1. Accessible area of the range 31-93 with a 1.4 Å probe: how many percent of it is carbon plus sulfur?
2. Leaving out ligands, DNA and RNA, what percent of the accessible area of the range 99-140 is carbon and sulfur, probe 1.4 Å?
3. Per residue, what accessible area does the range 6-115 have, given a 1.4 Å probe and all protein chains present, in Å²?
4. Please compute the net charge surrounding His30, taking Lys and Arg as +1 and Asp and Glu as -1 over other residues with Cβ under 12 Å from its Cβ.
5. Say R0 is 25 Å: what FRET efficiency, to the nearest 0.05, do His17 and Arg137 get from their beta-carbon distance?
6. 5 Å is the cut-off here: which amide hydrogens, built 1.01 Å from N in the peptide plane, fall below it relative to Leu39, excluding neighbours closer than 5 in sequence?
7. May I ask for the net charge around Arg125, where only other residues with Cβ less than 15 Å from the Cβ of Arg125 are counted and Lys, Arg are +1 while Asp, Glu are -1?
Amino acid sequence: MPPAPPLPSVIVVLDRHDDTLHTHTALAAHHPLSGRITLHPGPGTTSVAGLAHDLLVALGKPPLLPGRFPGGRQPAWEAATAWMTALPVTRLTVLRAHRLTARRTMRLLQLQARTGIHLTLVCHRPHLPAAVHQALRTTDYIVTADFEAARRHYYGTPVAEPPPADEPAAPASRWLTLPVLDRIVSYDSPRPCTDPCTPPPIAWRHRPPPVPLTAPTAQRVAQRLHTATAHPRLAAALAAALFTGASLQQLATARPRDNPAFSRHTSSTGRQASATTAGSRSSSIS
């Protein structure tokens, strides 16, 4: 396995006079589809979990995860880390960073270590705050007070690529009727394999095979998974079931090499193509 590339230096922007130009420019750079996230932490809290919830909101995800967790602790940081890797996000700009505690700053540094993002902390003060300075003691960082340099860090280096497609409009109805989900538990499925094996295909005796999703429905499903599903594992399970038409008995034996739709490290175009291919082959997979 090749060694991991070195982490980019943390950028600390000193907005000496708390100029609204810095805030407006950083917020304008926020565009998740382009890999850029601007985090504006909510006021009135210093908790580490609260910062993770703010980050999930910035990613366009619900901040609260469904289910019960030990000690009442939601895995919000784990979910945010997974989403940033999957989308993928390459730049994170944090406003009002002079208000960060040392623990919150350390959490952001751990997030950078796990995802390799370009992290920019915007301190709206003339000097580096003590808590942020304490957290950065063992990290490579660069301090700048130049607005144009800061703007380049907010947006990143321009690349020659077509502009990202606009996000699809929100569905008019809250509910989506998806007959394929009726087959998540299939009585026609063979018994699941307990060891690595190739399960036999389903023999459709009780119900007909599922009909592949149409392109408009697939787009609405993808948008709903993106905006209304907080936990990445739940989103992945639903996406696999919807776009393959396979039952849970079959999906439990799936390996990443079995189908392109299960591949994580693809471009957004590649993911869409894989999902479409999987949908068109649902009857053969089943």
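1. Here it works out to 62 percent.
2. 47 percent
3. Using a 1.4 Å probe on heavy atoms only, each residue of the range 6-115 averages 46 Å².
4. For residues surrounding His30, the net value is +2.
5. 0.40
6. Under 5 Å from the amide H of Leu39 lie the amide H atoms of Thr93, Val94, Leu95, each far enough along the sequence or on another chain.
7. 0
The values are calculated or read from the model by the stated rules, or taken from the named source; none is laboratory data. Owing to the predicted nature of the structure, the values given are computational and were not obtained by experimental measurement. Reconstructed Cβ throughout: ideal geometry from the backbone, glycine too, with neighbour counts over all protein chains shown. What goes into the accessible areas is simple: the full protein's heavy atoms, side chains included, and nothing from ligands, DNA or RNA. Shrake-Rupley method; radii C 1.70, N 1.55, O 1.52, S 1.80 Å.
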